[in-house]
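These notes are about the structure you will find just below.
Each reported figure results from applying straightforward, stated rules to the coordinates on display, with no laboratory input. The structure presented is a predicted model; accordingly, all values stated were derived computationally and were not measured. Glycine also receives a Cβ, built like all others from the backbone with ideal geometry; neighbour counts cover every protein chain displayed.
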Amino acid sequence: MSDAQTAAPTFSGTPAKYRKITIVFPIVFNGLLYLGMIGVVYGILGQTWILGWKPAAIALAATAFYIRVAFPWIMGLDAQYGRGSGWKLDSRPIKLPERSQRPNID
């Protein structure tokens with residue numbers, strides 16, 4: 001095997017980019033799946049149960065669950081295999097509180 005085949009995958013994302021992916025992708029994907037299911041169940045089979053609030057609530061719950069689970073998973077995947085080179089960590093100085101002066105008991 002060559003070095004290109006054995007090298008770990010590289011990621012060029014940032015945490016903000018990964019958060020955007022984990023929000024936009026499931027909304028679009030689950031929305032298209034739900035519309036396709038409406039097309040089949042209501043449009044072709046003529047069943048009206050799919051237009052109720054319960055199937056829509058299940059689709060929204062699945063979308064919310066995916067959003068909640070996907071971001072930490074993608075961040076962990078990037079931390080394990082990626083370089084993290086696109087991440088930006090701003091440093092800032094902080095002043096720690098001074099210790100109280102206690103009498104020396106010898």
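Side notes on the structure shown:
- With the simple spin-label model, which puts each label point 7 Å out from Cα in the Cβ direction, the Lys20 to Phe65 separation comes to 2.8 nm.
- Protection proxy ranking of 33-39, 13-19 - average other beta-carbon atoms within 10 Å, highest first: 13-19, 33-39
- If you wrap region 11-81 in the convex hull of its Cα atoms and look at it from every side, the mean projected area works out to 5.3 nm².
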